[in-house]
1. Among the residues of region 1-53, what is the count of those that are β-branched (Val, Ile, Thr) and within 21 Å of the chain's Cα centre (by Cα)?
2. Given the structure, is VAL100 among the β-branched types (Val, Ile, Thr), touching a helix residue (DSSP H, G or I) at 6+ places or on another chain (Cβ under 6 Å) and in contact (Cβ under 8 Å) with a residue 24 or more places away in the chain?
3. Restricting attention to region 121-133, which residues are part of a helix (DSSP H, G or I) and free of Cβ contacts under 8 Å to residues at least 24 places away in the same chain?
4. Check whether at least one residue in region 102-113 is crowded, with 16+ Cβ neighbours inside 10 Å and at positive phi, and report yes or no.
5. Taking region 39-69 as the region of interest, how many residues are under 19 Å from TYR130 (Cβ atoms) and open to solvent by less than 20 Å² (accessible area, probe 1.4 Å)?
Amino acid sequence: MDWIPLLSTAVGAVIGVASTLIADWMRVNRSQKDGYQTLKRQLYGDYLAALSQTRHSLRTAAQSSSEPVEVRARMALDAFKDAKAYEARYQVALVASDRVTEASTSAFNALRNLRDLVESGGGTHSDPDYRAVQNQWADRFAELRRSMRSDLDRPVRQ
């Protein structure tokens, strides 16, 4: 009996099965990575939107200088609650790189400083202290966006 045809058939079958398994494994791996990137992109976008909404509400409170301090303080506190900035921050922390998490914490703290200033009554829109804290927030927010873009492997916009 000639073993060469039988052996070459068996080797061909092993090669075919192995290549199919490798291709399937690579497809599943790529699909998982794409799904993870999509999740991160969604969470990052939601978090940036929550911070932006919070910032907008704080600006509204700061511009309401004719309102009593207590009303402005309530508006400042509600800004964080209504935009769900805390919730989004914790979701981002679960999937973000260390660099993004650090930038996120820094931006969040800068926004909270702005809230504290408005809440204490010293943060009217024309106040120099308000402007300084607002500029610090803007810088930290820009760094957060750069970190997120980098983490998502996108070119950093200047």
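The values are calculated or read from the model by the stated rules, or taken from the named source; none is laboratory data. As the structure is a prediction and not an experimental result, all values here were calculated from the model. So basically every Cβ, Gly included, is an ideal-geometry build from the backbone, and we count neighbours across all protein chains shown. Side chains are part of the model used for accessible areas, which takes the heavy atoms of the whole protein and leaves out ligands, DNA and RNA. Shrake-Rupley method; radii C 1.70, N 1.55, O 1.52, S 1.80 Å.
1. 1
2. Yes; evaluated as a whole, the condition is true for this residue.
3. PRO128, ASP129, ARG131, ALA132, VAL133
4. Looking through region 102-113, none of the residues is crowded, with 16+ Cβ neighbours inside 10 Å and at positive phi.
5. Going through region 39-69 one residue at a time, the tally reaches 5.
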